[in-house]
Each structure stands twice: as structure tokens, then as C-alpha cells.
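J.: Here it is: the structure, laid out below.
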């Protein structure tokens, strides 16, 4: 028996006290720091995704206002002459809230008269018609409710007059 004990030396138990505790605390602190860092990155990524979604919503809102303006039944207030002040229509169009979105959008439309063209200056569908065209610069600004996000789209619009 004495030989077996010599083959496997005993560890000094007094030297080993608390080492496992210190190692486990270091590992626990490391894992905690990695977890907190991952949570912060996840929160930041979520904020970026939400802001991107709001930016897209405001852009689409502004685009829909310009589509409504160029449609057959627009109800935009337009300035009558070149020297007239710029006309801004607040809440020109408020699209319905989609079921997948909890926030709404609104659009402001600004119309600025830029030109009273002579008859036949502009061609429509390739034909120079003998009609007068009133040209406006239209700025549609889409807003997302509950945020500071907005997008502005600009378009030159020609209203045809006989």
C-alpha cells in the first residue's frame, strides 16, 4: 500500500483553497459582460431597423401624395401666378393606417408656381398641343406620427389649361 500512495502524490489542500471560486467568478464576469454587450447590440440593431422602417413609411407617404396630386381628382391648392406666395397645404393627405403598422403618417404639400408656358411649348405623349401649361414645383413631405422622421420628395407638375 505504501507504494501506491507514493505513485499518486497528494496535493496540498491548503494551496488549493478558493482557486475554483476565483476561476468561476472570472468566468461568470466574462459571460455577463458578453451578454450585456450582445443585448446592447440587439437594442441598437432594433432601433436602426425601426428608424429605417419609419423612413420608408415617410417616403411612401410623400410618394402617395405626389401620386394623388398627379391623379385625375387632386384637391391641391395651387398659387395662381408666378409672383404669388408659395402655398402649403398641411395634412394634404392622410393615408389609412395599415393593419401591420401601429403608427400613422401625414403629408404636407407645398406648391410653388414656376412657369406659365406659351401654347405648344410642352409635348404630351409626343404631341405638341396648342395649349398653355402651368408648371409648379411640388414638394411633398411625409411625416411619421410619434417620431421626428420625415421625407421630402420633389416633383415638377404641369397643369394643362386650354
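The values are calculated or read from the model by the stated rules, or taken from the named source; none is laboratory data. Keep in mind that this is a model prediction, so the values were computed, not measured. Glycine gets a Cβ as well: all are built from the backbone with ideal geometry, and neighbour counts include every protein chain shown.
J.: Determine which single condition residue 125 fails, assuming it passes every other condition in (1) over 13 Å from residue 113 (Cβ atoms); (2) touching a helix residue (DSSP H, G or I) at 6+ places or on another chain (Cβ under 7 Å).
T.: Residue 125 satisfies every listed condition except (2).
J.: Now for a separate question. How many residues does region 42-67 hold that are over 8 Å from the mean Cα position of the chain (by Cα) and within 19 Å of residue 145 (Cβ to Cβ)?
T.: Of all residues in region 42-67, those over 8 Å from the mean Cα position of the chain (by Cα) come to 42-49, 60-67.
Filter again for within 19 Å of residue 145 (Cβ to Cβ), leaving 47, 49, 60-65.
Number satisfying all stated conditions: 8.
J.: Are any residues in region 102-118 modelled with pLDDT under 80 and surrounded by fewer than 16 Cβ atoms within 10 Å (Cβ to Cβ), and if so, which ones?
T.: Looking only at region 102-118, we keep the residues that are modelled with pLDDT under 80, and these are 102-104.
Of everything in region 102-118, those that are modelled with pLDDT under 80 and surrounded by fewer than 16 Cβ atoms within 10 Å (Cβ to Cβ) turn out to be 102, 103.
J.: Those residues that are within 14 Å of residue 108 (Cβ to Cβ) and free of Cβ contacts under 8 Å to residues at least 60 places away in the same chain, I need them from region 118-162; list them, please.
T.: Of everything in region 118-162, those that are within 14 Å of residue 108 (Cβ to Cβ) and free of Cβ contacts under 8 Å to residues at least 60 places away in the same chain turn out to be 139, 145, 154.
J.: Oh, and also: Do you know which of the residues in region 69-101 that are part of a strand (DSSP E or B) and loosely packed, with under 12 Cβ neighbours inside 10 Å is modelled with the lowest pLDDT? So that I can check it myself, show each step before the final result.
T.: Going through region 69-101, the residues part of a strand (DSSP E or B) turn out to be 87-93.
Those still in the list that are loosely packed, with under 12 Cβ neighbours inside 10 Å too: 90-91.
On the way: 90: 76, 91: 71.
The extreme case among them is 91.
J.: Return only the number of the condition from (1) over 14 Å from residue 142 (Cβ atoms); (2) loosely packed, with under 12 Cβ neighbours inside 10 Å; (3) modelled with pLDDT under 75 that residue 49 does not satisfy.
T.: Here residue 49 clears every test but (3).
Residues are listed down the side, and each one gets a yes or a no for (1) free of Cβ contacts under 8 Å to residues at least 40 places away in the same chain; (2) touching a strand residue (DSSP E or B) at 6+ places or on another chain (Cβ under 6 Å):
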position: 23; (1), (2): yes, no
position: 27; (1), (2): yes, no
position: 31; (1), (2): yes, no
position: 36; (1), (2): yes, no
position: 41; (1), (2): yes, no
position: 44; (1), (2): yes, no
position: 60; (1), (2): no, no
position: 68; (1), (2): yes, yes
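J.: Could you tell me whether residue 10 is farther than 30 Å from residue 140 by Cα and modelled with pLDDT under 80? Before you say what the answer is, go through the steps one by one.
T.: Numbers: farther than 30 Å from residue 140 by Cα: yes; modelled with pLDDT under 80: yes.
Judged against the criteria, residue 10 is a match.
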